[in-house]
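Scroll down for the structure; my scribbles are underneath it.
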Amino acid sequence: MIEIELERTYLVKKLPKGLSSFPHKEIIDIYIPVKADHPVLRIRKKGDLFEITKKQPIHYTDSSEQEEHTIRLSKEEFDPLTHIDGKRVRKIRYDFVYKDVKTEIDVFKDDLEGLVLVDFEFTDLNRKNSFKMPDFCLVDVTQDKIFAGGMLCGKKYSDIKPHLDELEYIGQTLVK
């Protein structure tokens, strides 16, 4: 399946009220090849779904528009791929709708504990371009490559903390 993804990504200033009650799933991503600075090939487990995806910007200077090639996998196809030498990241993704826009809040776990990003996915360019940042967001980081999945994978919070400090980000954790 090939699709064009239109999204904007923000650092979360404060977690939306009731977030823990929103539908959510654990996501485990493995990015390959391990030696790439910014791998674009991803093996993913999202709840009970498994897939392999190649995701690249359509325009070199705009990360908000990406071409995404995804192939669904069975668990039997996925399991052997988990042994691949790749950069890993684990997060809990909370899904909801904000002003008619599909919204995903990623609460990172393990080495990136404290990082929370929110993606807003749009159905057309006009909606994406006219979108106003919600008050629970701190700053638009869509074009900030450090927050791309392929760049975050394999990193620790301490690796990105100097950049987060520049943005005046205060780490977030979800308390149930």
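Details
- Which numbered condition D37 misses (of (1) more than 16 Å from the chain's Cα centre (by Cα); (2) of a type in the set (D, E); (3) surrounded by 13 or more Cβ atoms within 10 Å (Cβ to Cβ); (4) under 28 Å from I170 (Cα atoms)): (3)
- When the residues of segment 132-146 are filtered to those that are among the aliphatic types (A, V, I, L, M) and in a loop (DSSP other than H, G, I, E, B), the one that is surrounded by the fewest Cβ atoms within 10 Å (Cβ to Cβ) is M133.
- Residues of segment 119-169 satisfying the condition of being farther than 23 Å from I27 by Cα and without any contact (Cβ under 8 Å) to a residue 24 or more places away in the chain: N126, N129, S130, K132, P162, H163, D165, E166
- Given (1) within 19 Å of K14 (Cα to Cα); (2) out of contact with any Phe, Trp or Tyr (no Cβ under 9 Å at 6 or more places or on another chain), number of the condition N126 does not satisfy: (1)
- Residues of segment 59-83 classified as at pLDDT below 95 and either surrounded by 13 or more Cβ atoms within 10 Å (Cβ to Cβ) or small (G, A, S) (or both), total: 10
- Taken over segment 25-43, the criterion of being out of contact with any Gly (no Cβ under 9 Å at 6 or more places or on another chain) and modelled with pLDDT of 95 or more is satisfied by I28 alone.
- Considering residues of segment 84-126 that are part of a loop (DSSP other than H, G, I, E, B) and of a type in the set (K, R) only, the residue surrounded by the most Cβ atoms within 10 Å (Cβ to Cβ): K109
- In a residue-by-residue description of segment 104-111, the property of being within 17 Å of D159 (Cβ to Cβ) and either in contact with a helix residue (DSSP H, G or I) (Cβ under 6 Å, 6 or more places away or on another chain) or of a type in the set (S, T, Y) (or both) applies to no position.
- Checking R90 against (1) modelled with pLDDT of 95 or more; (2) over 12 Å from the mean Cα position of the chain (by Cα), the condition it does not meet: (2)
- Among the residues of segment 1-30, the one identified as loosely packed, with under 12 Cβ neighbours inside 10 Å and in contact with a Phe, Trp or Tyr (Cβ under 8 Å, 6 or more places away or on another chain) is P23.
- Note on segment 134-161: residues that are at pLDDT below 90, under 11 Å from the mean Cα position of the chain (by Cα) and within 18 Å of E113 (Cβ to Cβ) amount to 2.
The values are calculated or read from the model by the stated rules, or taken from the named source; none is laboratory data. Predicted, not measured: the structure shown is a model, and the values here were computed from it. Reconstructed Cβ throughout: ideal geometry from the backbone, glycine too, with neighbour counts over all protein chains shown.
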